[in-house]
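Engineer: Below you will find the structure I want to go over with you.
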Amino acid sequence: MAAVTADQKTQGTADTADAEHLAAFDAAVAADDRIEPRDWMPEAYRASLVRQMAQHAHSEIIGMQPEANWISRAPSLRRKAILMAKVQDEAGHGLYLYSAAETLGTSREELLDKLHAGRQRYSSIFNYPTLTWADVGAIGWLVDGAAITNQVPLCRCSYGPYARAMIRICKEESFHQRQGYELLLALSRGTSAQHEMAQDAVNRWWWPSLMMFGPPDDSSAHSAQSMAWKIKRHSNDELRRRFVDICVPQAEALGLTLPDPDIRWNEDLGQHDYGAIDWTEFQEVLKGNGPCNEQRLAQRRMAHEEGAWVRDAAAAYADKHAARPGTAGAAAQHVEATA
Amino acid sequence: MSSSTDWPLWEVFVRSRRGLSHTHAGSLHAPDAEMALRNARDLYTRRSEGVSLWVVPSTAITASSPDEKDSFFEPAGDKPYRHPTFYEIPDGVKHL
């Protein structure tokens, strides 16, 4: 049975190596060091990151839809240019995050396939419709505001490529939030019909924005482990409360009301209290029963399928030129010459 | 797990202004160098972050192994005399 003994020995050595790797990983996380793509990492850490980063990337590109809905009907050229720049940023954010996720060994194609098959999620917030122009403002102020509150701590996430992508994204999100706030302010100070439109948008987007922080801490499936790994730095409820505290004075300055009669300052806690969130609605939207779940996925699949000929043409062009001698690197030389 | 139908991966380096080196900004997929350059322009310099771009096929990069980082970089570890702070200079001596 020499072979068995040898196998057991190999297994034993592998276990020791894994234990050493795990100790090095734990020490790096504890020391607030970053984990980089080629470092050893626990499989569960890798899987958890892929899940979170994929969901994040998908949210960015699905999030283009509700806003793009208003590009052709923006009320001025200024607003239209701003909205196009914002939607283009969302595409960019998706690409930063897909690239970062791919450093974990998954591929772009696999990520898109899973999105299209409904096997990876995107943020539930994008399953709500943008019914009026004011919704563009409410998304910028509240949805992007909630996203920023969530994302700023992710700039210190333990996984290097994710943290670096988030730094870039957070810098750009700030414009998104401010343009939304400015848009709502213009409506709020406009005619009474415009003011009402702004208030209606805030009424519809407030609660779904609070749900963006995820389920309450005591029922969040991934929170505890993610915090131990320093992927997450703050709990869902902590970030949600921080967001409420930020929004209350901003709403006052807008001259708009947050649709929650239970919001009041809690002197003892030094924070705002707020009303109960309807988690049944959240679960329903998560299950696919939100107002726009089907529409968003169908639109994404259609965009992918209808873009196939462009991808094919670009690949065919690249193949043709690669086959021709002396053309490789021509573009790179051109850049060098102008650097 | 890498897919056969994904376009090749490129690493993007941006020179933020003249006088500075190109710095790694991130990566992207593109069918060829020219498209990689155009995509890099749209992806990494939307806010005038650069005056020059390099795109390099990711497969062309050879990297040191993280598992060997201790032994690989160790030779520099016991040579503090390579740093100016290693040397004690009397107080009052200037321009040194």
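Nothing in this text is a laboratory measurement; each read-out follows from the coordinates by a stated rule. Only a predicted model underlies this, so the values are computations on that prediction, with no experimental measurement involved. Neighbour counts run over all protein chains shown; Cβ positions are idealised from the backbone, glycine included.
Engineer: For the stretch B:2-61, report the convex hull volume of the alpha-carbon atoms normalised per residue, in Å³, without decimals. List each step's numbers first, then the result.
Structural biologist: Numbers: hull volume 4.6 nm³, N = 60.
So the per-residue hull volume is 77 Å³.
Engineer: Between the DSSP loop rule and a limit of at most 12 other Cβ atoms within 10 Å, which trypsin sites (Lys or Arg not before Pro) in chain B are left? Spell out each step's value before the answer.
Structural biologist: On the way: sites: B:Arg15, B:Arg17, B:Arg18, B:Arg38, B:Arg41, B:Arg46, B:Arg47, B:Lys69, B:Arg82, B:Lys94; in loops: B:Arg17, B:Arg18, B:Arg46, B:Arg47, B:Lys94.
Those satisfying the criteria are B:Arg17, B:Arg18, B:Arg47, B:Lys94.
Engineer: To the nearest 20 debye, what charge dipole does chain A have about its Cα centre, counting +1 at the Cβ of each Lys and Arg and -1 at the Cβ of each Asp and Glu?
Structural biologist: Details: 35 positive and 45 negative charges, 223 e Å.
Dipole about the Cα centre, nearest 20: 1080 debye.
Engineer: Same structure again: Pop out the ³J(HN,Hα) list for the stretch B:36-44 in order, Karplus 6.51 cos²θ - 1.76 cosθ + 1.60 with θ = phi - 60°, rounded to Hz; leave Gly and Pro as x.
Structural biologist: Whole-Hz 3J(HN,Hα) from phi for the stretch B:36-44: 4, 5, 5, 5, 5, 4, 6, 8, 10.
Engineer: Let me ask you something else. Which links in A:Lys171/A:Lys320; A:Lys86/B:Lys69; A:Lys114/A:Lys232; A:Lys171/B:Lys79; A:Lys171/A:Lys287 stretch past 30 Å when you go from one Cα to the other? Mind dumping the intermediate values first?
Structural biologist: On the way: A:Lys171/A:Lys320 40 Å; A:Lys86/B:Lys69 42 Å; A:Lys114/A:Lys232 24 Å; A:Lys171/B:Lys79 40 Å; A:Lys171/A:Lys287 32 Å.
As for pairs spanning more than 30 Å Cα to Cα, those are A:Lys171/A:Lys320; A:Lys86/B:Lys69; A:Lys171/B:Lys79; A:Lys171/A:Lys287.
Engineer: Another question about this same structure. Among A:Ser99, B:Thr5, A:Gly190, which residue has its Cα positioned farthest towards the positive end of the charge dipole of the protein assembly as shown, with +1 placed on the Cβ of Lys and Arg, -1 on the Cβ of Asp and Glu, and the dipole taken about the Cα centre?
Structural biologist: A:Gly190
Engineer: Residue-wise, which Karplus ³J(HN,Hα) couplings in Hz belong to the stretch B:63-73, taking 6.51 cos²θ - 1.76 cosθ + 1.60, θ = phi - 60°, and x for glycine or proline?
Structural biologist: For the stretch B:63-73, the Karplus-derived couplings read 10, 6, 8, x, 5, 9, 5, 5, 5, 5, 9 Hz, x marking Gly and Pro.
Engineer: Hey, another quick one. Under the Karplus relation 6.51 cos²θ - 1.76 cosθ + 1.60, θ = phi - 60°, what is the ordered set of whole-Hz ³J(HN,Hα) values for the stretch A:195-212, x standing for Gly and Pro?
Structural biologist: 4, 5, 4, 5, 5, 4, 5, 5, 4, 7, 8, 4, 5, x, 5, 5, 6, 4
Engineer: Can you divide the C-alpha Rg of the stretch A:1-157 by 2.2 N^0.38 Å and report the result to two decimal places? Let's see the in-between values first.
Structural biologist: On the way: Rg = 21.7 Å, N = 157, 2.2 N^0.38 = 15.0 Å.
That ratio works out to 1.44.
Engineer: Tell me the mean residue ellipticity at 222 nm calculated for chain B from its helices only (DSSP H runs of n ≥ 4, each -39500 (n - 2.57), averaged over every residue, nearest 500).
Structural biologist: Working: 2 runs with 17 residues, N = 96.
One gets -5000 deg cm²/dmol as the mean residue ellipticity at 222 nm.
Engineer: Which GluC sites (Glu not before Pro) in the stretch B:33-96 pass both tests, a DSSP loop state and at most 16 other beta-carbon atoms within 10 Å? Walk me through the intermediate numbers first.
Structural biologist: Numbers: sites: B:Glu34, B:Glu49, B:Glu68, B:Glu88; in loops: B:Glu49, B:Glu88.
When the GluC sites (Glu not before Pro) of the stretch B:33-96 are filtered for loop state and at most 16 Cβ neighbours within 10 Å, B:Glu49, B:Glu88 remain.
Engineer: For a footprinting-style exposure proxy, rank A:Met302, A:Met84 by other Cβ within 10 Å, fewest first. Please list the in-between numbers first.
Structural biologist: Details: A:Met302 10, A:Met84 14.
Final ranking by Cβ density, sparse to dense: A:Met302, A:Met84.
Engineer: Largest first, please: the extent of the C-alpha atoms of the stretch A:252-325 along each principal axis, to the nearest Å.
Structural biologist: So the three principal-axis extents are 75, 30, 25 Å.
Engineer: Could you work out the mean projected area of the convex hull around the alpha carbons of the protein assembly as shown, in square nanometres to one decimal?
Structural biologist: Numbers: hull surface 131.3 nm².
Its Cα hull, projected and averaged over all orientations, spans 32.8 nm².
Engineer: What does the net charge come to around A:Leu239 if you take all other residues with beta carbon closer than 10 Å to its beta carbon, with K and R at +1 and D and E at -1? Don't skip to the end; give the middle numbers.
Structural biologist: Values: positive: A:Lys232, A:Arg233, A:Arg240, A:Arg241, A:Arg242; negative: A:Asp237, A:Glu238.
Summing Lys/Arg as +1 and Asp/Glu as -1 gives +3.
Engineer: DSSP loop (so not H, G, I, E, B), at most 12 other Cβ within 10 Å: list which chymotrypsin sites (Phe, Trp or Tyr not before Pro) in chain B pass both filters.
Structural biologist: Details: sites: B:Trp10, B:Phe13, B:Tyr44, B:Trp54, B:Phe72, B:Phe73, B:Tyr81, B:Phe86, B:Tyr87; in loops: B:Tyr87.
Loop-located and lightly packed - B:Tyr87.
Engineer: Then there's this: How much net charge surrounds A:Met197 when only the other residues with a Cβ under 13 Å from the Cβ of A:Met197 are counted, with Lys and Arg +1 and Asp and Glu -1?
Structural biologist: Values: positive: A:Arg189, A:Arg204; negative: A:Asp135, A:Glu196, A:Asp200.
With Lys, Arg at +1 and Asp, Glu at -1, the neighbours total -1.
Engineer: Hey, can you grab everything whose amide H is under 5 Å from the amide H of A:Gly275? Only 5+ residues off in sequence or another chain; H modelled, so Pro and N-termini drop out.
Structural biologist: Under 5 Å from the amide H of A:Gly275: A:Asp262, A:Ile263.
Engineer: What are the residues whose amide H is under 5 Å from the amide H of B:Gly26, where those residues sit 5 or more places off or on another chain and H is modelled from the backbone?
Structural biologist: Amide H neighbours of B:Gly26: B:Val12.
Engineer: Calculated from DSSP H runs of 4 or more alone, at -39500 (n - 2.57) each and per residue, what is the 222 nm mean residue ellipticity of chain A, nearest 500? Numbers along the way, then the final one.
Structural biologist: Numbers: 15 runs with 221 residues, N = 339.
Computed mean residue ellipticity for chain A: -21500 deg cm²/dmol.
Engineer: Additional query: In Å, the Kirkwood hydrodynamic radius of the stretch A:46-91 over pairs of distinct alpha carbons? Write out the running numbers ahead of the final one.
Structural biologist: Numbers: mean 1/r = 0.0858 Å⁻¹.
One over the average 1/r among Cα pairs gives 11.7 Å for the stretch A:46-91.
Engineer: So what is Rg over Rh here for the stretch A:86-135, counting just Cα atoms and using Kirkwood for Rh?
Structural biologist: Details: Rg = 13.5 Å, Rh = 12.7 Å.
So for the stretch A:86-135, dividing Rg by the Kirkwood Rh gives 1.06.
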